[in-house]
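To start, the structure itself, in structure tokens.
The values are calculated or read from the model by the stated rules, or taken from the named source; none is laboratory data. Please read all numbers here as calculations on a predicted model, not as lab measurements. Neighbour counts run over all protein chains shown; Cβ positions are idealised from the backbone, glycine included.
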Amino acid sequence: MSLASDARVVTLIVAVLFLIAVELGFRWGQRGAASGHDQPLGTTIGAAFGVVGLLLAFSFSLSVTRFDARRADLVDEANAIGKTILRTQLLEASMRPQMRAELKDYVETRISFAYAGAAAAARAPFNRHSAELQRVMWQLVMEDARKDPHSTMTPLFVQALNELIDTAEKHDASLAALIPLPIVGVLLIIVLVSGVLLGIDFGRKGRRSPVVQLLFAVMLGLVIGVILDMDRPQHGLIRIDVSPLENLRSLLNVQT
């Protein structure tokens with residue numbers, strides 16, 4: 001299963017796995033009780049769920065921080081593109097229509113890039129097209145600069161174009177920065193081990209609470225699902241607002 005799956009799917013899978021772990025532990029605990037082995041598990045269970053809570057808090061904080069950073073990077077990129085669009089007025093009149101046409105294509109490409117989210121394979125074609133458009137725009141502005149080497153206007157456009165390129169790279173880097181898979185794997189393993197320990201305790205006591213088990217399983221599943229959903233935006237319920245980039249279409253229409 002891809003970690004970019006919908007949070008609801010992740011919640012269901014984690015909850016089911018946790019309930020299976022508890023059931024396995026319950027049967028194991030019953031065998032231990034029948035054989036007379038009845039060591040106390042309260043401290044061990046408390047410590048295990050303490051580690052679960054610590055990892056969940058760490059992972060949630062990390063995903064929130066990166067989600068906010070990605071949203072800020074998208075806004076920064078939109079601002080940089082908007083500045084570049086406005087500064088096309090500084091170019092020679094004959095150069096403006098072609099530069100605006102390239103910028104229009106660039107805006108559509110970056111919108112598609114933003115919707116692709118954290119999936120590197122989905123972003124790759126838009127990254128390649130963005131790089132090609134950046135190269136074309138750079139060549140155009142260099143041609144404009146050669147026509148008037150003493151122009152004080154062209155350097156201002158060059159500055160904006162440089163910022164456009166830099167923010168695109170920063171946005172791509174922030175989308176590629178995901179919670180490492182080993183952390184996700186360790187978190188899942190500890191959750192399942194904690195479920196087994198809880199089941200063993202239930203088995204040794206000879207009773208269990210299905211409702212409590214189900215609620216706890218759903219709670220763990222929801223938290224892990226939200227963490228992964230927020231860490232991999234545009235693929236589930238939690239999405240980054242792309243409207244700052246989409247609003248550039250109207251700016252291009254005004255400038256045309």
Inset, instruction - Answer with yes or no whether residue 118 is in contact (Cβ under 8 Å) with a residue 60 or more places away in the chain, surrounded by 17 or more Cβ atoms within 10 Å (Cβ to Cβ), outside any helix (DSSP H, G or I) and within 16 Å of the chain's Cα centre (by Cα). - result: yes
Inset, instruction - Report whether or not residue 198 is farther than 28 Å from residue 117 by Cβ, part of a helix (DSSP H, G or I) and more than 30 Å from the chain's Cα centre (by Cα). - result: yes
Inset, instruction - Taking residue 143 as the residue in question, decide whether it is more than 30 Å from residue 42 (Cα to Cα), under 30 Å from the mean Cα position of the chain (by Cα) and assigned to a helix (DSSP H, G or I). - result: no
Inset, instruction - Return the total of residues in the range 72-110 being hydrophobic (A, V, I, L, M, F, W, C) and not in a helix (DSSP H, G or I). - result: 3
Inset, instruction - Scan the range 191-212 and report the pairs whose first residue is surrounded by 14 or more Cβ atoms within 10 Å (Cβ to Cβ) and whose second residue is charged (D, E, K, R) and modelled with pLDDT under 90, with Cβ atoms within less than 7 Å and a gap of 6+ or a chain change. - result: 202/208; 203/27; 204/38
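Take the residues of the range 225-256 that are over 30 Å from residue 98 (Cβ atoms) and in a helix (DSSP H, G or I): which is farthest from the chain's Cα centre (by Cα)?
Applying the first criterion (over 30 Å from residue 98 (Cβ atoms)) to the range 225-256 yields 225-241.
Keeping just the survivors that are in a helix (DSSP H, G or I) gives 225-231.
Values: 225: 13, 226: 11, 227: 9, 228: 8, 229: 7, 230: 6, 231: 3 Å.
The residue in question is 225.
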Inset, instruction - Specify the residue that is nearest to residue 234 (Cα to Cα); the eligible residues are those in the range 1-52 that are at pLDDT below 70 and assigned to a helix (DSSP H, G or I). - result: 7
Inset, instruction - Identify, by number, the condition in (1) buried (at least 22 other Cβ atoms within 10 Å of the Cβ); (2) at pLDDT 90 or above; (3) out of contact with any helix residue (DSSP H, G or I) (no Cβ under 7 Å at 6 or more places or on another chain) that residue 245 doesn't meet. - result: (3)
Legend entry - Odd one out for residue 106 among (1) under 21 Å from the mean Cα position of the chain (by Cα); (2) crowded, with 18+ Cβ neighbours inside 10 Å; (3) free of Cβ contacts under 8 Å to residues at least 60 places away in the same chain: (1)
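Is it the case that residue 133 is over 30 Å from the mean Cα position of the chain (by Cα) and surrounded by 15 or more Cβ atoms within 10 Å (Cβ to Cβ)?
no
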Legend entry - Answer residue from the range 158-190, given it is among the hydrophobic types (A, V, I, L, M, F, W, C) and free of Cβ contacts under 8 Å to residues at least 12 places away in the same chain and is farthest from residue 12 (Cα to Cα) among those: 173
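Name the single residue that is surrounded by the fewest Cβ atoms within 10 Å (Cβ to Cβ) among those in the range 169-190 being touching an Asp or Glu at 6+ places or on another chain (Cβ under 6 Å) and assigned to a helix (DSSP H, G or I).
Of all residues in the range 169-190, those touching an Asp or Glu at 6+ places or on another chain (Cβ under 6 Å) come to 170-171, 174, 178-179.
Going one step further and asking which of them are assigned to a helix (DSSP H, G or I), we end up with 170-171, 174.
Details: 170: 16, 171: 26, 174: 18.
Once the filter is applied, the top-ranked residue is 170.
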